[in-house]
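The values are calculated or read from the model by the stated rules, or taken from the named source; none is laboratory data. Being a predicted model, the structure only gives us computed values, none of them experimental. All Cβ positions, even for glycine, are placed from backbone atoms using ideal geometry, and neighbour counts span all protein chains on display. Heavy atoms of the whole protein, side chains included, go into the accessibility calculation; ligands, DNA and RNA do not. Shrake-Rupley method; radii C 1.70, N 1.55, O 1.52, S 1.80 Å.
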Amino acid sequence: MSERKPIVAGNWKMHNDRNETRTLIRQIIQNGKNLGQNCEVIIAPPFTSIACAAKEIENSAIKLGGQNIFWEDKGAFTGEISGPMLKEIGCTHVIIGHSERRQYFGETDETVNKKIGSAIKHGLIPIFCMGETLIERETGQTFEVLKSQLVKGLKSLKVQNPVDFVMAYEPVWAIGTGKTASPEQAQEAHAFLRRELALLWGDKFAAETRILYGGSVKPGNAKDLIGQTDIDGGLIGGASLNAEDFLGIIEQGTGF
Ligand code: 13P
């Protein structure tokens, strides 16, 4: 049994206005038994709903994450949100390098690296996402791609405490497609990422780092996926928008 406390994180993406945010959080809190006791629960609403979410989760075990961060603290950067701003609104975590940001918003390993650096500097826990596309998997480049994303994303950085760092393996072909990586495929990628992290930051750090799986996780497949040795929880998209499904994943995936 691993000592790594599981994490189930909901990436709401561009969903949920404030009313929907209030309703969903209330449903999660009302129906979640012992929420957060044996599993960390994080939600990452869109920026306009974060303040409302922060109020709703008061006195609950739910933690808040941003879906993006800019690496400068302040300045003329129209449309961006900084680490201090995320902290001030109540975020403890921030998702960085999600494939949708890489695909649609020009995020590169270099910008991911700066963003992770900024999150660390401001005491935000990065949820650092990596994953291969379908074509990369089919042409046998999965591990090369993962290694490159990992090494470049963490270049010149160091986190002191492994509880303050989270990684996520999200195969791009499994995101929002209903196609899930098989538990074996996911386990293989997670074990690989953990070994590569050990080469960078040492065996002990890697052994204690939570690595989440993301890509069409549902209550029905959560147990098989999160039950794998190197899978420490889930980063949930679509299913995190429904309280029953989100709680089902927590229950099935972590047994709590
Ligand atoms: P889905 O769960 O909708 O496939 O999305 C996964 C994801 O991208 C989480 O960050």
*asked:* So, Thr229, is that one touching a residue at least 60 places away in the same chain (Cβ under 8 Å), in contact with a helix residue (DSSP H, G or I) (Cβ under 8 Å, 6 or more places away or on another chain), open to solvent by 10 Å² or more (accessible area, probe 1.4 Å) and away from the ligand (no atom under 15 Å from the Cβ) or not?
replied: yes
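Conditions tested, residue by residue: (1) at pLDDT below 95; (2) within 9 Å of the ligand (Cβ to nearest atom).
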position: Met167; (1), (2): no, no
position: Ala181; (1), (2): yes, no
position: Gly220; (1), (2): no, no
position: Ala239; (1), (2): no, yes
*Could you figure out which of (1) open to solvent by less than 40 Å² (accessible area, probe 1.4 Å); (2) part of a loop (DSSP other than H, G, I, E, B); (3) out of contact with any helix residue (DSSP H, G or I) (no Cβ under 6 Å at 6 or more places or on another chain) isn't true of Lys33?*
(1)
*What is the residue count in the range 170-227 for residues that are more than 24 Å from Gly140 (Cα to Cα) and in contact with a Ser or Thr (Cβ under 6 Å, 6 or more places away or on another chain)?*
1
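Conditions (1) of a type outside the set (Phe, Trp, Tyr); (2) under 14 Å from the mean Cα position of the chain (by Cα); (3) open to solvent by 40 Å² or more (accessible area, probe 1.4 Å), marked per residue:
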{"site": "Gly215", "(1), (2), (3)": "yes, yes, no"}
{"site": "Lys218", "(1), (2), (3)": "yes, no, yes"}
{"site": "Ala222", "(1), (2), (3)": "yes, no, no"}
{"site": "Gly234", "(1), (2), (3)": "yes, yes, no"}
{"site": "Gly238", "(1), (2), (3)": "yes, yes, yes"}
{"site": "Ile249", "(1), (2), (3)": "yes, no, no"}
{"site": "Gln252", "(1), (2), (3)": "yes, no, yes"}
